Structures are given as structure tokens and as C-alpha cells.
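Read the figures in this text as sums done on the coordinates, not as results from a lab. These numbers come from a predicted model, not from an experiment. Note that we place each Cβ from the backbone using ideal geometry, even for glycine, and neighbour counts take in every protein chain shown.
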Number of protein chains: 2
Amino acid sequence: MRASYHEALSSVVDDLVTMTRKVEAAVDEATQALLSADLASAEKVIGEDADLDRMHDDLESRCFTLLARQAPVAGELRTVVAALRMVADLARMGDLAAHVAKIARMRYPREAVPESMRSNFQRMSKLANEMVELAGRTLAERNVLDAEKMADHDEEIDDLRTLQFRVMLDDSWSHGVEAAVDCALLGRYYERIADHAVLMGSRVIYLVTGLHPEGDHWTIA
Amino acid sequence: MRASYHEALSSVVDDLVTMTRKVEAAVDEATQALLSADLASAEKVIGEDADLDRMHDDLESRCFTLLARQAPVAGELRTVVAALRMVADLARMGDLAAHVAKIARMRYPREAVPESMRSNFQRMSKLANEMVELAGRTLAERNVLDAEKMADHDEEIDDLRTLQFRVMLDDSWSHGVEAAVDCALLGRYYERIADHAVLMGSRVIYLVTGLHPEGDHWTIA
């Protein structure tokens, strides 16, 4: 019984790593859809979001079963609790990737992002994607340092978003209301993907150390 | 020990109900800030968001303690798991109310929402507020019917948001890019507040029945 319990727990973590890779692929493909007006990619991300939701439901239900049947304690309890939150983060990142893809699809065959904003979104999406990848690696390797590195990426994303608003709200903006509304929402979606990656990182730190980031210090939960 | 455990569990639920009321007040005050260009209200919501975050951290840590020390099962385990997710929903709703208040503050002394969009946002914010109130009542009274009623409100919010886009992207829109960007984000924030209220409702259903809404059917988790 104990052996199969440990197997169940480690298969939850393995599947979380797999789910993170799928989310990373979805974010990547959504960006491809967005920046290359690629309708097939957009449809793929939107269609496959249901798979991520199913993975979420399956993993969540396995975590509940572990809690109910095994009453885990200490590090194992932390793993289940962290897994429950990570699976929610991942499902949300998948939703956000689908939101990006839907804007790409809505504007097809035009590109939603005007040329003057292109390099900003290229950089922002690259950072967001790296953060998801970093979150997966952090989880797979229990590497707390990687998790802390994410904060730097997150700061750059915030700066890029501030810059987006500056460009959109400048008198020289010539792309009209629709492109501005699209860019405002797209910036928000990538920012939220990055936020969830940061949260995943903090869940790994909790899982490994039992410490919770709270403001600028760490407390035992 | 068992008595104090049950006390600890029911005080978590009581405090969740209290937190829901505080979030409801924050959403209400943020709307006041937004629709009346009321700077004092905006500052209040932004300043008090830290209190909600503290409540979140406190409640979350009490749930962890219950899981670790008491290894609850059946209905009690469901209560703790549902509480963990509700407290995350509530903290997020508080953040979103602060986002609304920040837009109000940024545009002060002007109003962020143009006159032609005013009645839409009045209705949208009223519905969102009612949904938070409904979520709190559902939790306090374990009233599953209330939770299901929320779906109707949520649908109306989606319709209002679609209408917002129609108005903003119409050639007759004369309020410029800034107002459109503000309205796009504000609509998103209220929509997300409503989404979290719906999620809270589904967590109450899970807590009471052990059933999870999954697509359009219910499964045992």
C-alpha cells in the first residue's frame, strides 16, 4: 500500500511536469498564431485547451484521492497541496494561451499586433515562454534557484507592458482603437501567464523547503 | 482535541464568509471610485487590498495546519480543500477590485468610463457585486440553489462585455484609444470577478455534495 502510494504521488508530479510542457507548447504555438497570423496554430491551441482541462481534472482528482485515502504528512502533504495549486495555475495558463489564440483567429488574415508593437510582443512572449519552461524545470529538478531567477524575467515583462501603454496612448498611435484594445488584452494575458509561472516557482519552493514567500520574507506554513 | 478541531474548521468557514463580505465591499467601493471618479474610495480599496492578502495568508495557513495535524476525511476534507480554493478566489477578486480602483485613480479627476458606456458598466458592476454577495450567502447557508443561480448572472455579464466591444470598435466611438483601453481592461476585471464568484459557487456545491461540475455534468471527485 505504501509503495503504491509513493508511486501515485510521484506519478502526479511526473504528470505535472508533462502538463507544464504541454502548456509551454500551447503558449509557444499561441505566439506563433499571433505574430505570424497563423490560423492553423490558433485553431490548434484553442482546440487543445480542452485536453489541458481534462489533465487538470484528472490530476486534481488524484490529489484529492491521495489526501482522502493516505492522509499524507510533512513533505508529502506539501507535495499534494503544491500539486493542487500548480495544476490550477497550469490550467489557467492554458486558458490564457487560448485567449491569445482567439485574438489571432479573430483578426485573421490580418495580424493583431501592429508592426510598431511587434518587437515588444516578441520579447514579452519569449520571456513568458521561458518562464513556463523554467517553472517546469524548477519542478522537475526541485531547483529552488531557478524559481528565484524568474523574478527578473517577471520584472522585464512589467516594464514591457508599461512601454506598451506608453506607445498605445501616445498621440502618434495610428492603428486605431481595435489594435489598441487587442494589444491591451494581449499584454494582460502574457502578464498573467508570467504571474502564474512565478506562482508555480513559489509552490516549488514551498514544496522543497516548507517556506512560503510572504511579501519580501519567507514564513513557515 | 476533536472539539477544538471542529472549532478550528468552523472558524475557517466563518472567516471565509467574513472575507467574502470584505471582498464584496471592496468591489462595491471600487465601482463607486470608478463611476463617480471618487479618489478617496479608490485609495481605500487599493490600501485595503493588503488586508485581504493577509486574511488569505492566515486562512491558507490554518487550512494547511488542519490538513497536517488532523488528516480530515470525507465532508471535512472537502471543507478544507474547498476553503483553500475559495480563499485563493477571494484574494484574486480583491486584486481585481484594486485593479479597477487603480484605473479610477489614474484617470482622476476625469471619469474613466465615457458616458455612452456608463449604463453598461453600472449593470455589469451591479451583477458582479451581486454574484460576490451570492457566493458569500451560498457559503454561509450551504445553499446549492443559489450557486446554480449565479450562472444566469454570469451569462448576462458575458453579453454586456460583448456589447462593450461592439460599442468601442464601432466607427462612431469618439472617446479615443485611452478610454477604449480602459474599458477593455475594466470589462475584463469585472468578468474575472464574476468568474471567481461562479467558481466559489461550484466549490460550495463540491463541499456540500462531493460533486464537481465538469463540463455540463457532475462527477464525484
Rotation relating A and B, chain B residue nearest the axis via C-beta, angstrom:
B:Ala71, 2
Taking the dipole about the Cα centre of chain B, with the C-beta of Lys and Arg at +1 and of Asp and Glu at -1, give me whichever of B:Met124, B:Tyr206, B:Gln32 is farthest to the positive side.
B:Tyr206
Most mobile of B:Ser41, B:Ser202, B:Ser61 per a Gaussian network model of chain B (Cα springs, under 10 Å)?
B:Ser61
Which lysines, on any chain, are close to B:Lys149 with Cα under 26 Å apart, when same-chain ones fewer than 8 places away are left out?
B:Lys22, B:Lys126
In Å and from the alpha-carbon atoms only, list the Rg and Dmax of the protein assembly as shown.
21.6, 68
Determine ³J(HN,Hα), in whole Hz, for all residues of segment A:50-62 in sequence, where each value follows from phi through the Karplus function 6.51 cos²θ - 1.76 cosθ + 1.60 and θ = phi - 60°; x replaces Gly and Pro.
4, 4, 5, 5, 5, 4, 4, 5, 5, 5, 4, 5, 5
All aspartates and glutamates inside 15 Å of B:Lys102 as judged from Cα atoms, apart from same-chain residues fewer than 8 positions distant:
B:Asp28, B:Glu29, B:Asp38, B:Glu43, B:Glu48, B:Asp49, B:Glu111, B:Glu178, B:Asp182
Checking B:Asp154, B:Asp51, B:Asp89 against a Gaussian network model of chain B (alpha-carbon springs below 10 Å), the top fluctuating residue turns out to be B:Asp51
Kirkwood-Stokes translational diffusion coefficient of chain B, alpha-carbon pairs, 20 °C, 1.002 mPa s, µm²/s
118
Tell me the mean residue ellipticity at 222 nm calculated for chain A from its helices only (DSSP H runs of n ≥ 4, each -39500 (n - 2.57), averaged over every residue, nearest 500).
-30500 deg cm²/dmol
Centroid-to-centroid separation of segment B:6-27 and segment A:96-114 [C-alpha atoms, Å]:
40
Can you check what the net charge comes to around A:Glu29, using other residues whose Cβ is under 12 Å from the Cβ of A:Glu29 (Lys, Arg +1; Asp, Glu -1)?
-4
Between helix B:144-168 and chain B: long-axis angle, C-alpha atoms, 0 to 90°, nearest 10
20
Per-residue ³J(HN,Hα) for segment A:114-123, Karplus 6.51 cos²θ - 1.76 cosθ + 1.60, θ = phi - 60°, Hz, x for Gly and Pro:
x, 3, 5, 9, 4, 5, 4, 5, 4, 5
Can you tell me the orientation of helix B:176-209 relative to chain B, as the angle in degrees between its alpha-carbon axis and the longest Cα principal axis, to the nearest 10?
20
The FRET efficiency for B:Met106 and A:Lys22, from their Cβ-Cβ distance with R0 = 30 Å and rounded to 0.05, is 0.20
Shielding by partners - mean other protein chain Cβ count within 10 Å, residues of B:53-59
1
To the nearest 10 degrees, how steeply does helix B:2-35 sit against the main Cα axis of chain B, on a 0 to 90 scale?
0
Under a 10 Å cutoff between Cα atoms, tell me which one of B:Ala37, B:Ala179, B:Ala74 has the largest fluctuation in the Gaussian network model of chain B.
B:Ala74
Mean other chain Cβ within 10 Å across A:176-189 is 5
